[in-house]
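Step one of this worksheet: look at the structure below.
The values are calculated or read from the model by the stated rules, or taken from the named source; none is laboratory data. Not measured: the values here are computed from a predicted model. Using ideal geometry, Cβ is built from the backbone for each residue, glycine included, and neighbour counts are taken over all protein chains shown. With ligands, DNA and RNA removed, areas are computed over all heavy atoms of the protein, side chains included. Shrake-Rupley method; radii C 1.70, N 1.55, O 1.52, S 1.80 Å.
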Number of protein chains: 2
Amino acid sequence: MDELAQSDPSPAAETRWALARAATLCEQRGTRLTDLRKRVLEIIWSSPVPLGAYAILDVLRDDGRQGAPPTVYRALDFLLEQGLIHRLATLNVFTGCRRPDSFHGGQFLICRDCGQVDELNNPTVEALLRAEAASRRFDALSQMIEVLGRCPECRREAESHAR
Amino acid sequence: MDELAQSDPSPAAETRWALARAATLCEQRGTRLTDLRKRVLEIIWSSPVPLGAYAILDVLRDDGRQGAPPTVYRALDFLLEQGLIHRLATLNVFTGCRRPDSFHGGQFLICRDCGQVDELNNPTVEALLRAEAASRRFDALSQMIEVLGRCPECRREAESHAR
DNA sequence: TCCGTTATGTTATAAAGTAACAATTGCTAT
DNA sequence: ATAGCAATTGTTACTTTATAACATAACGGA
């Protein structure tokens, strides 16, 4: 199992899957998924929308844990390095990665209204961009694709209000 | 003329082209390219690398102009709305748009080392992403693609140092 | 020329991210 | 087991990026 199934599992099941997968991957790689890092990953997966660093920090504090910004940012850096989360630069938020086994560029649909995110996986797009880079002798290290717009629910919502 | 020629004009010529094009477009659209907005656009085009808002503000102050952050951000908002510049979210910087006539998503190669930026224009990628969005009933408003890596010069540089 | 709209000036503050150093934890080799 | 080293976390202070709110000025049509 290296990809989260598309069968729309419950959020709690997704979170369990992500944590278990992360633990396995870190063990294989000889990196340490500490309590703090695991908790940050859990917080990210437990949220229906991507969270900013300070929102994560608030949850940690609610846990009763001590913490300052560097606490969160260091955990986030680790999770990013391990490919367990993505950072959405246009919104300064973080979201769990659904295919943490293969390092890959992020492809996201981001709802401008509700903040929900859908992760795409279009290998053709990735290949085309790699080819564009190569043709310009550019050494591509990472790809980030962020499509901003409106998710189906918010779209329906907006249309019903318009009437 | 609706696209900056690929024949590698001088930076000064590029800047002149961009300012003239912007003036025409704004007139056509009935929007006002004021002195401040024009100057900010000129500052952006005159720089070999994309600039952050505060770097632009520094130049404005060197001009002898009064100014605070909102001064710059408002001008930038206008230029973004008009499609005259792009914002590179991963770096919090702004760069001139080479095809300001057609609103379009940005596709960029960004050099991690020197900060230089190359704007791509791959309609296939754009169409594929639009199709992905549509198949999920997602209403796509804008696409942002940022490929981070190393430009040919910095690549050569790095390789020569490695020896 | 008056008036409403749009743009800019100004002050203050919010939000996001990092530097630097101290304290702690965990692992390894004796 | 334990000394010593490396990795992680705690803590303080700060930098950078961005916006809110309100005052002033410029512009453009009745």
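Over all pairs of different C-alpha atoms in the stretch B:7-61, the reciprocal of the mean inverse distance, the Kirkwood hydrodynamic radius, equals 12.0 Å. With a simple spin-label model that places each label point 7 Å from the Cα along the Cα-to-Cβ direction, the separation between B:Arg74 and A:Glu81 comes to 4.4 nm.
At a probe radius of 1.4 angstrom, the accessible area of the protein assembly as shown per residue rounds to 53 square angstrom. A label point on B:Asn121, set 7 Å along the Cα-to-Cβ line, lies at 3.4 nm from each of its counterparts in the other copies, closest listed first.
Of the beta bridges in the protein assembly as shown, as assigned by DSSP with both residues counted there, near 70 percent are antiparallel. For the residues of B:133-139, the average number of beta carbons from a partner chain within 10 Å of their own beta carbon is 6. Remark: relative contact order (the stretch B:1-159) = 20 percent; criterion is Cα-Cα distance under 8 angstrom and separation of 6 or more residues. Counting heavy atoms of the protein chains alone, A:Val93 has an accessible area of about 20 Å² for a 1.4 Å probe.
Label B:Gln28 and A:Glu159 with points 7 Å out from Cα along Cα→Cβ: what is the distance between them in nm? For B:Gln28 paired with A:Glu159, the spin-label model returns 3.2 nm. In the stretch B:28-128, a dipole from Cβ-located charges (positive for Lys and Arg, negative for Asp and Glu) runs towards its positive end, and of B:Gly115, B:Pro50, B:Gln28 it is B:Gln28 whose Cα lies farthest in that direction. What separates the A:Phe103 label point from its copies, with the point 7 Å along Cα to Cβ, is 3.7 nm, written shortest first. For the rotation carrying A onto B, the chain A residue whose Cβ lies nearest the axis, with the distance in whole Å, reads A:Ala89, 2.
For peptide B:110-123, the mean count of partner chain Cβ atoms within 10 Å of a residue's Cβ comes to 2. Per residue, chain B reaches -15000 deg cm²/dmol at 222 nm when only DSSP H runs of four or more residues are counted, each adding -39500 (n - 2.57).
Inter-copy label distances at A:Val49, shortest first and taken from points set 7 Å along Cα to Cβ: 3.4 nm. B:Thr31 contributes an accessible area of around 40 Å² to the protein surface, as traced by a 1.4 Å probe with all chains present. For chain A, DSSP calls about 55 percent of its internal beta bridges antiparallel. So, in Å, what gap is there between the alpha-carbon centers of the stretch B:13-40 and the stretch B:41-98? With the stretch B:13-40 and the stretch B:41-98 each reduced to a Cα centre, they are spaced 14 Å. Specify whether the C-alpha gyration tensor of the stretch A:11-162 places it in the rounded, prolate or oblate class, a ≥ b ≥ c being the square roots of the eigenvalues: rounded for a/c under 1.5, otherwise prolate if a/b is larger than b/c and oblate if not. Since a/c reaches 1.5 but b/c is at least a/b, the shape of the stretch A:11-162 is classed as oblate. Computed from point charges on the beta carbon alone (+1 for Lys and Arg, -1 for Asp and Glu), the dipole magnitude for chain B about its Cα centre is near 280 Debye. Long hydrophobic helices in chain B: none of the complete DSSP H runs spans 30 Å or more by Cα along its own axis with mean Kyte-Doolittle hydropathy of at least 0.0. With N the number of residues in the protein assembly as shown, Rg(Cα) / (2.2 N^0.38 Å) evaluates to 1.09. Excluding ligands, DNA and RNA and using a 1.4 Å probe, chains B and A jointly bury around 3100 Å² of accessible surface, summed across both partners. Within the listed set B:Gly105, B:Gly96, B:Gly149, the Gaussian network model of chain B (springs between alpha-carbon atoms below 10 Å) gives the highest mean-square fluctuation for B:Gly149.
Across every direction, the projection of the convex hull enclosing the Cα atoms of the stretch B:104-163 has a mean area of 5.0 nm². Dividing the alpha-carbon radius of gyration of the stretch B:1-98 by the rule-of-thumb value 2.2 N^0.38 Å gives 1.03. Please identify, among B:Phe138, B:Phe94, B:Phe103, the residue showing maximal mean-square fluctuation in a Gaussian network model of chain B using a 10 angstrom Cα cutoff. The residue with the greatest mean-square fluctuation here is B:Phe138. Here each label is just a point 7 Å from Cα along the line to Cβ, and for A:Glu119 and B:Arg136 those points are 1.1 nm apart.
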